[in-house]
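Just below is one structure, and these are the notes that go with it.
The values are calculated or read from the model by the stated rules, or taken from the named source; none is laboratory data. What you see is a predicted model, and the numbers here were worked out from it, not measured in a lab. A quick note on method: Cβ atoms are made from the backbone with ideal geometry, for glycine too, and the neighbour counts reach across all protein chains shown.
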Amino acid sequence: MNIPRTNYVPRLLTCPNRSFFLFGPRGVGKSTMLRHALPEAVSLDLLDASLYLELSRDPHRLEAIIGQKPERTWILLDEIQKAPELLDEVHRLMESRRWRFALCGSSARKLRRGGANLLAGRAVTVNLEGFSAKELGTNFDLMRSVSWGMLPFVQEDPDQAPEILSAYLNTYLREEVREEGLVRRVPPFVRFLNLAGQFNGQQVNLVNIARETAVSRSTVDTYFSILIDTLLGHFLPAWRPGFKVREAAHPKFYWFDPGVARAAAGWLRDPVDRVWQGTALETLVYHELRVYNEISRKLRPLFFYRTPAGVEVDFIIETARRQFDNPPHVVAVEVKRAERWDRSWEKPLRAITSGPELKIDRLIGIYCGSRTYQFDNITVMPIADFITALFAGEIF
């Protein structure tokens, strides 16, 4: 089922009642959400070239453009990363006029690089991702989302997904990379994107990636930092609970969306195999965990776990940090792209219970079947049931 373009999908993320930054990757619906959440706001879009040039030359014009508005009026500044010099003026107007600002952007990189301090804590920061399965409700199609991702434009028009995702990546390269001057030479970065797309959901070895892309290790490190800062990807760190084994140290890298990862890998016109689908399903689960973490404001640390012996658990959610007298509490999640659950997949989950000084809250297996099972202390559930339980607060 397609989502009609005229229908707004309500987002789970709510706006704070004070000034805030709203960050999120391009195309996830930040501006649309704010227009629906704050319809009374004075809206200024820095993609408007004349407005951008005027405010860049004279940030003090911002007050005159807004006009005589009462205290607590909402002011929406879209694409704020294009003009970090405006933040000093925003700060002044927050203090002198008591206006509230919703500052929307796809990256905090340029703001920090320009010396801005993100208003010294006077504005909170919230993050918006692509659609969640919970937001889509009955319109959520698991296999379509695994194949093409959760971007609103893709969900609205899945038949055009390859064209939309190709244009998305080209727009990113043009507007974020070339125009902002994030890299000196674009071709090596394009080669890196292709490789990073293919290695979605895998541990990052900077030396190997540098060799494959024919650039230095430090350059690859910079490339990854660009993806992180522009919110296209996330490092999932290795969990190090202090077991008496040498745990893996290299993080995994996940793109924020399986469809964008597929576009970066150059596989939009090719069928993807089950290995890729398995990684894409992990990416989707990671996406749902991040969305719930943000909207619930629990902000629990997320990890994966792998030992040198090859025992790996896809996701570790640390529900309580280690303290002096108390061990950490965790939820462990294993994800499988299969319609039937194989009991052998429970071994990694059971393996972590043998470690000392650890409190297991839940052990969960996720798969693409339709039945829920309880095998001793391991709950195996369909992904739809997991998502329902997650947003009901039953997982963590």
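Do you know which of the residues in the stretch 331-344 that are under 27 Å from the mean Cα position of the chain (by Cα) and surrounded by 16 or more Cβ atoms within 10 Å (Cβ to Cβ) is nearest to E312 (Cα to Cα)? Step by step, filter the stretch 331-344, then rank; the result is E334. Residue pairs whose Cβ atoms lie under 7 Å apart, separated by 6 or more positions or on different chains, with the first residue in the stretch 113-136 and more than 19 Å from L299 (Cα to Cα) and the second at pLDDT 95 or above and among the hydroxyl-bearing types (S, T, Y), are R122/S19.
Output the residues belonging to the stretch 62-89 that are among the hydrophobic types (A, V, I, L, M, F, W, C), at pLDDT 95 or above and within 16 Å of S19 (Cβ to Cβ). Step through it out loud before you land on a result.
Step one: filter the stretch 62-89 for residues among the hydrophobic types (A, V, I, L, M, F, W, C), giving 62, 64-66, 74-77, 80, 83, 86-87.
Narrowing further to those that are at pLDDT 95 or above: 62, 64-66, 74-77.
Matches in the stretch 62-89: L62, I66, W74, I75, L76, L77.
Condition first: exposed (fewer than 14 other Cβ atoms within 10 Å of the Cβ), aliphatic (A, V, I, L, M) and either part of a helix (DSSP H, G or I) or not assigned by TED's automatic domain parsing to the domain that holds E85 (or both). Can you find one or more residues in the stretch 10-19 that meet it? Checked the stretch 10-19: no residue is exposed (fewer than 14 other Cβ atoms within 10 Å of the Cβ), aliphatic (A, V, I, L, M) and either part of a helix (DSSP H, G or I) or not assigned by TED's automatic domain parsing to the domain that holds E85 (or both).
Contact annotation: residue pairs with Cβ atoms under 9 Å, 6 or more positions apart or on different chains, pairing a residue in the stretch 181-209 that is in the same structural domain as A249 (by TED's automatic domain parsing) with a partner that is surrounded by fewer than 18 Cβ atoms within 10 Å (Cβ to Cβ) and among the charged types (D, E, K, R), are V186/R178; R191/E212; F192/E212; L195/E212; L206/R217; L206/D221; V207/R217; I209/R217.
A single entry from E40, E54 fulfils the requirement of being under 20 Å from R98 (Cβ atoms), modelled with pLDDT of 95 or more and out of contact with any Asp or Glu (no Cβ under 6 Å at 6 or more places or on another chain): E40. List, please: which pairs have Cβ atoms under 6 Å, are six or more places apart or on different chains, and start with a residue in the stretch 337-361 that is outside the structural domain of G201 (by TED's automatic domain parsing) and within 30 Å of M143 (Cβ to Cβ) and end with one that is among the charged types (D, E, K, R) and assigned to a helix (DSSP H, G or I)? Partner pairs satisfying both residue conditions: none exist.
Taken over the stretch 114-138, the criterion of being modelled with pLDDT of 95 or more, in contact with a helix residue (DSSP H, G or I) (Cβ under 8 Å, 6 or more places away or on another chain) and part of a helix (DSSP H, G or I) is satisfied by A133, K134, L136.
Report yes if some residue within the stretch 357-369 is farther than 26 Å from E135 by Cα, of a type outside the set (A, V, I, L, M) and in contact with a Gly (Cβ under 8 Å, 6 or more places away or on another chain); otherwise report no. Looking for residues that are farther than 26 Å from E135 by Cα, of a type outside the set (A, V, I, L, M) and in contact with a Gly (Cβ under 8 Å, 6 or more places away or on another chain), one finds at least one in the stretch 357-369, hence yes. Considering the stretch 255-282, the residues that are in contact with a Phe, Trp or Tyr (Cβ under 8 Å, 6 or more places away or on another chain) and surrounded by 24 or more Cβ atoms within 10 Å (Cβ to Cβ) include one that is nearest to S166 (Cα to Cα), namely A263.
Return a yes/no flag: does the stretch 56-66 have any residue that is under 31 Å from the mean Cα position of the chain (by Cα), on the phi < 0 side of the Ramachandran plot and not β-branched (V, I, T). Steps first, please.
If we filter the stretch 56-66 for residues that are under 31 Å from the mean Cα position of the chain (by Cα), which is where we start, we get 56.
So of that shortlist, the ones also on the phi < 0 side of the Ramachandran plot come out as 56.
Narrowing further to those that are not β-branched (V, I, T): 56.
Yes, there is a match, as at least one residue in the stretch 56-66 is under 31 Å from the mean Cα position of the chain (by Cα), on the phi < 0 side of the Ramachandran plot and not β-branched (V, I, T).
The set of residues from the stretch 353-383 being of a type in the set (A, V, I, L, M) and touching a Leu at 6+ places or on another chain (Cβ under 7 Å) comprises L363, I378, I383.
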